[in-house]
1. Quick test for you: out of 62, 108, 91, pick the one residue that is closer than 23 Å to residue 18 by Cα, in the same structural domain as residue 152 (by TED's automatic domain parsing) and free of Cβ contacts under 8 Å to residues at least 60 places away in the same chain.
2. Within region 140-155, is even one residue in contact with a helix residue (DSSP H, G or I) (Cβ under 8 Å, 6 or more places away or on another chain), in the same structural domain as residue 63 (by TED's automatic domain parsing) and touching a residue at least 60 places away in the same chain (Cβ under 8 Å)?
3. Can you say whether residue 48 is in contact with a helix residue (DSSP H, G or I) (Cβ under 8 Å, 6 or more places away or on another chain) and at negative phi, as far as the supplied structure shows?
C-alpha cells in the first residue's frame with residue numbers, strides 16, 4: 001500500500017478536474033427565523049432507493065450551521081440563463097437574509113425556494129462529512145420534489161421480494177399501496193375489507 005504520495009500539481013489537476021460534470025444549483029435552508037441560500041457547484045445523486053443527494057459546500061458559509069440545526073435542506077435547480085439569480089446567491093453575497101423581497105415558495109420542510117427555480121428537492125440531512133479539503137459534504141434523503149408549475153412528488157420506498165426497491169411518487173401511490181416483505185404481499189385496507197365481505201357472504205350461504 002502506497003503511503004508516500006507525491007504532492008500533486010494542483011494547477012494541472014484542476015484543469016483535468018473540470019472534465020468532471022458539474023452544474024450550478026442553489027442550496028437553501030431555514031431554522032427558526034434564520035434563512036440562507038448559496039449557489040453550489042457540486043451536487044451529485046448518490047442513491048436510488050431511497051433517493052439521495054450529496055452536496056459539497058465551501059467551508060465557513062453561514063448556511064452550514066442552519067442546515068445542521070434544522071436537519072433539512074433544499075436543492076434548487078436553476079435556469080442556466082438566470083445569471084442574476086446566481087449572482088444574488090453567490091457566496092460573496094451570503095451575509096443577511098437573501099430572500100427578503102424575493103418571490104418564494106416553501107418546501108414541506110419549510111425551506112425557501114425562489115419562484116424562478118426550475119425545480120427543487122426537499123431533503124432530510126442524514127449525514128455530514130467534514131473532509132480535509134476546502135469543502136464539506138452534506139448527504140440528504142429526498143422526501144419531496146417538484147418542477148416549476150407542477151405537483152409535488154412525495155417519495156416513498158417500495159421494497160420487493162429480493163430486498164431491492166424502487167422510488168415511488170404520490171402519482172403512483174395507489175399502485176404502491178401493497179408493501180412486499182420477503183416475497184409476501186400485504187393487502188391494503190380496501191382489499192382486506194372486500195375479503196371480509198366475501199367471507200360473510202360465504203358464511204350466510206352455508
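The values are calculated or read from the model by the stated rules, or taken from the named source; none is laboratory data. What you see is a predicted model; the values in this text were computed from it and never measured. Cβ: placed from backbone, ideal geometry, glycine included. Neighbour counts: every protein chain shown.
1. Values: 62 fails: closer than 23 Å to residue 18 by Cα; 108 fails: closer than 23 Å to residue 18 by Cα.
Matching residue, one of 62, 108, 91: 91.
2. Let us first name the residues in region 140-155 that are in contact with a helix residue (DSSP H, G or I) (Cβ under 8 Å, 6 or more places away or on another chain), namely 151-154.
Filter again for in the same structural domain as residue 63 (by TED's automatic domain parsing), leaving 151-154.
Those left that are additionally touching a residue at least 60 places away in the same chain (Cβ under 8 Å): none.
No, every residue in region 140-155 fails to be in contact with a helix residue (DSSP H, G or I) (Cβ under 8 Å, 6 or more places away or on another chain), in the same structural domain as residue 63 (by TED's automatic domain parsing) and touching a residue at least 60 places away in the same chain (Cβ under 8 Å).
3. Values: in contact with a helix residue (DSSP H, G or I) (Cβ under 8 Å, 6 or more places away or on another chain): no; at negative phi: yes.
So residue 48 does not fit the description; no.
Yes or no, residue by residue, for (1) assigned to a loop (DSSP other than H, G, I, E, B); (2) under 28 Å from residue 153 (Cβ atoms); (3) modelled with pLDDT of 90 or more:
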position: 6; (1), (2), (3): yes, no, no
position: 12; (1), (2), (3): no, no, no
position: 23; (1), (2), (3): yes, yes, no
position: 36; (1), (2), (3): no, yes, yes
position: 39; (1), (2), (3): no, yes, yes
